[in-house]
1. Identify, by number, the condition in (1) of a type in the set (S, T, N, Q); (2) at pLDDT below 90; (3) touching a Lys or Arg at 6+ places or on another chain (Cβ under 8 Å); (4) open to solvent by less than 30 Å² (accessible area, probe 1.4 Å) that Thr39 doesn't meet.
2. Look at the stretch 327-349 and say how many of its residues are assigned to a strand (DSSP E or B) and either of a type outside the set (A, V, I, L, M) or under 22 Å from Asn33 (Cα atoms) (or both).
3. Does the stretch 259-271 include one or more residues that are modelled with pLDDT of 95 or more, open to solvent by less than 70 Å² (accessible area, probe 1.4 Å) and among the hydroxyl-bearing types (Ser, Thr, Tyr)?
4. Is it the case that Val106 is in contact (Cβ under 8 Å) with a residue 12 or more places away in the chain, open to solvent by 30 Å² or more (accessible area, probe 1.4 Å) and not in a loop (DSSP other than H, G, I, E, B)?
5. Inside the stretch 294-311, can you point out the residues that are touching a residue at least 60 places away in the same chain (Cβ under 8 Å) and of a type in the set (Ser, Thr, Tyr)?
6. Let me confirm something: among Glu192, Glu174, which residue is open to solvent by 60 Å² or more (accessible area, probe 1.4 Å) and part of a helix (DSSP H, G or I)?
7. Going by the structure shown, is Phe315 within 18 Å of Gly344 (Cβ to Cβ) and surrounded by 15 or more Cβ atoms within 10 Å (Cβ to Cβ)?
8. Do we have Val279 as open to solvent by less than 60 Å² (accessible area, probe 1.4 Å), at pLDDT 90 or above and either part of a strand (DSSP E or B) or not basic (Lys, Arg) (or both) here?
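The values are calculated or read from the model by the stated rules, or taken from the named source; none is laboratory data. This structure is a prediction, so every number in the text was calculated from the model and none was measured. FYI the Cβ positions are ideal-geometry reconstructions off the backbone, even for glycines, and counts take in every protein chain you see. To get the accessible areas, we keep the full protein, side chains included, count just its heavy atoms, and leave off ligands, DNA and RNA. Shrake-Rupley method; radii C 1.70, N 1.55, O 1.52, S 1.80 Å.
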Amino acid sequence: MMRLAGLGRLGPGRSGRSVFLRLACRGFSTRPNVVILGTGWASFRVLADIDAKRNNVTVISPRNHLLFTPMLASSALGTVNQRSICQPVRPLVAKKNATYYESFVVGVDKAKKLVNCKTLGGAEYLIPYDKLVVGVGFQPMNDFNIPGVKENALFMKETADATRFKDHVLEKLEEANYYTVLDNDPNMSEEEKAKIQELLTFVVVGGGPTGVELCGELTDFLYNEGARLYGHLKSFIRVHMFTYDLLNTFDQELQDYAISHLRKKQNVQVHLGAFVQKVEPHVVHVKLGESSMSIRYGTLVWCAGIKPHPFVKSFGFAMNERGSQILVDRFLKVKGEDDIFAIGDCSTIEDYWLPQTAQVANQEGQYLAKCLSNKDSSNIKPFEFHNKGMMAYLGGFNAVMANLPGVNRITGFIAFLGWRFTYWFLQLSMRNRFMLSTDWFR
């Protein structure tokens, strides 16, 4: 029995033999072993673009698909099917003659160049690497240590979150529908009216693209399908958004347009300059400037931020000042490391700040795939981000688009068509484009 530094003991069983076999195989192959951690935007793009003839590629992630996160809000209310915005990893892995392990990463031994992995069932094993690509993303939830958020809020980052939210909305509509007859009296009392309004009060915290698009999709559903199926409950529906600002990456004119549309067309009560102080079951306490307010709610969705995975700090990589992201140079190489790269939300480039968006992660993945496929590293230029525009859906077949090539801003129905076409075009397979088209047609 032997010990590999920092990664526990390996006995004579299957785990030990498989590690020794993999280690031995490294000596018989001239191709470097490239291990990719994660299946998010950046990691998936590396897998899609890397030259598999020059690299032995291994992917490790507990999630076996890429989620097209910009359309997660649409899938939450049934506008599109969740399968239409999920790209499976296995077909691409097979096409690249790569290897995929559905596992978590629990440690990295930089000296031995080994990745310590744990299966969903709890078994541990080691994978050797010559070049390591860390693209594990961020956690979808940053509660800023506000009391009650974890216990009482819903979140919106994964397909499971979208399913949970959709089921929760339908449950509240059904509960409001039968609430008046629970006392065997069909007449609605003032107390029952207050309870029904509480059940049908929806609170969205966060004014970024996710929060704004969720408000748009939610009000589309509630005031169209919801009003048609539960017409007697329409007058009780309330949608609130609490946020410090709204779409702050857009210019002020587009921000004002979005706020006006949400308030006047979508019936969203937008509260700017708001800070949530505490969340209790069915009550949220908010500070608005010098005043405070409390609202009873039936559903609260938290779209106010993301935070790093705790295990990233345990890798022993150089971190930024806040200790939240892996620090990399302009070639996306981890500071102080020779063969370790970090891309996407989990990393930040020294002296070259970029937003944590799918567009940035995608371009970083494209760049790194070219670097890993290029034998001559002397002609590789530093990474440079090219902004191809921003967009957000506001509801009611209305959207905003900004900083497009040749166009500064577009609003209204034309922007909505551009929003849909862009997201359709960005799908990573014809399978997903076809399924998305049929979803929209239905």
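1. (2)
2. In the first step, residues of the stretch 327-349 are kept if they are assigned to a strand (DSSP E or B); the result is 327-328, 333-334, 340-342, 347-349.
Of the ones still in play, those that are also either of a type outside the set (A, V, I, L, M) or under 22 Å from Asn33 (Cα atoms) (or both) are 328, 333-334, 340-342, 347-348.
Number of matching residues: 8.
3. The answer is yes; a qualifying residue exists.
4. Numbers: in contact (Cβ under 8 Å) with a residue 12 or more places away in the chain: yes; open to solvent by 30 Å² or more (accessible area, probe 1.4 Å): yes; not in a loop (DSSP other than H, G, I, E, B): yes.
Answer is yes for this residue.
5. Going through the stretch 294-311, the residues touching a residue at least 60 places away in the same chain (Cβ under 8 Å) turn out to be 295-309, 311.
Once the filter is applied, which keeps residues that are touching a residue at least 60 places away in the same chain (Cβ under 8 Å) and of a type in the set (Ser, Thr, Tyr), the stretch 294-311 yields Tyr297, Thr299.
6. Values: Glu192 fails: open to solvent by 60 Å² or more (accessible area, probe 1.4 Å).
Answer to the check: Glu174.
7. Details: within 18 Å of Gly344 (Cβ to Cβ): yes; surrounded by 15 or more Cβ atoms within 10 Å (Cβ to Cβ): yes.
Considered against the rule, which asks whether it is within 18 Å of Gly344 (Cβ to Cβ) and surrounded by 15 or more Cβ atoms within 10 Å (Cβ to Cβ), Phe315 comes out as yes.
8. On the way: open to solvent by less than 60 Å² (accessible area, probe 1.4 Å): yes; at pLDDT 90 or above: yes; either part of a strand (DSSP E or B) or not basic (Lys, Arg) (or both): yes.
Criteria met by Val279.
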